[in-house]
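Report on the following structure.
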Amino acid sequence: MDWKKEIKSWGLILAFFAFLYFTGLLPVVQGALQSVLLSTGLIKPKLERVDLTNKNFDYAGTFQDFDGNTIRLADYKGKTVFINLWASWCGPCRAEMPHISELYKSVQDQENLEFLMIGVDNDYQKSKNFIEGKSWSFPAVHASYGLNKSLLSESIPTTLVVNPEGKIVFYQEGMSNFNTDEFRDFLINQ
């Protein structure tokens, strides 16, 4: 084994990842690769009913959209709500957002179906800059005032669906391609 070649090879690999990390490109590259993976259809949402059937969704809370308006969660009562928690630095979040945007475009005219993409970055401006640089069409807000107990999660991205009766009918931690016929039908038929 030629140790000089091995050290040189590992040095180049580490230098490449250091470059991505220090330039801030690591989440972009990671998100792009994961988005390609999602496009294959290998990762889909699991539509089994979540064991939260006795859990009511907590509509307490407000958010700030990226135009500076206050959005009240209580205004979504009586509707089906697709909620996604994301952060600008989260590669899996970046990966699933184009697919969520396509899903939103296909159902945005459905009555009583709302989308709420909630940025959880510590810095409002980071979330705003991230969203403004994209062509996605879904409604996005920032958790400027915090999250209620129904939205607290161990990881991001986290996606949940609340039905018009205020019950959580879907809950998933981790990325997925939600732009499928099966999931679209699930949303529309709540």
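Using per-residue counts of other Cβ atoms within 10 Å, averaged over each peptide, order 118-130, 90-102, 15-27, 134-146 from highest down.
Numbers: 118-130: 17.5, 90-102: 21.9, 15-27: 11.9, 134-146: 15.5.
My ranking of the peptides, most packed first, is 90-102, 118-130, 134-146, 15-27.
Which of rounded, prolate or oblate describes region 135-175 when judged by the alpha-carbon gyration tensor and an a/c cut-off of 1.5? Kindly include the intermediate steps, with their values, before the conclusion.
On the way: a/c = 1.31, a/b = 1.20, b/c = 1.09.
Rounded shape, in that the Cα axes give a/c under 1.5.
Just the number, please: carbon plus sulfur as a percent of the accessible area of the chain, 1.4 Å probe, no ligands or DNA/RNA counted.
Numbers: 5650 of 10680 Å².
Roughly 53 percent, rounded to a whole number.
Using a Cα-Cα cut-off of under 20 Å, which aspartates and glutamates could be cross-linked to LYS126, ignoring same-chain neighbours fewer than 8 residues away?
LYS126 reaches ASP65, ASP67, GLU96.
Reachable lysines from LYS149, Cα under 18 Å, same-chain residues fewer than 8 places away excluded?
LYS55, LYS77, LYS167
Mean residue ellipticity at 222 nm from the helices of the chain, using -39,500 (n - 2.57) per DSSP H segment of n ≥ 4 over the full residue count, to the nearest 500 deg cm²/dmol? Walk me through the numbers before you get to the answer.
On the way: 5 runs with 69 residues, N = 190.
Computed ellipticity for the chain at 222 nm equals -11500 deg cm²/dmol.
Only bridges whose two residues both fall in the chain count here: according to DSSP, what percent of them are antiparallel, nearest 5? Write down the numbers at each step before the final one.
Details: 16 of 26 bridges.
That works out to approximately 60 percent antiparallel.
Run the quick spin-label model on VAL29 and LYS5: label points 7 Å from Cα toward the beta carbon, then report their separation in nm to one decimal.
About 2.4 nm, to one decimal.
To make sure I understand the rule: partners must be lysines, Cα under 22 Å from the Cα of LYS8, and not fewer than 8 residues away in the same chain. Which ones qualify?
none
Determine the per residue accessible area of region 63-190 with all protein chains present and a 1.4 angstrom probe, expressed in square angstrom.
I get 44 Å² per residue for region 63-190.
At a Förster radius of 41 Å, what calculated FRET efficiency corresponds to the Cβ-Cβ distance of THR180 and ALA18, to the nearest 0.05? Intermediate values should be presented prior to the final figure.
Working: r = 38 Å, r/R0 = 0.92.
My answer for the efficiency is 0.65.
The values are calculated or read from the model by the stated rules, or taken from the named source; none is laboratory data. Note that this is a predicted model, so its numbers are computed, not measured. Positions of Cβ are backbone-derived with ideal geometry, glycine not excepted, and every protein chain shown enters the neighbour counts. Note: accessible area is taken over every heavy atom of the protein model, side chains too, but ligands, DNA and RNA are not part of it. Shrake-Rupley method; radii C 1.70, N 1.55, O 1.52, S 1.80 Å.
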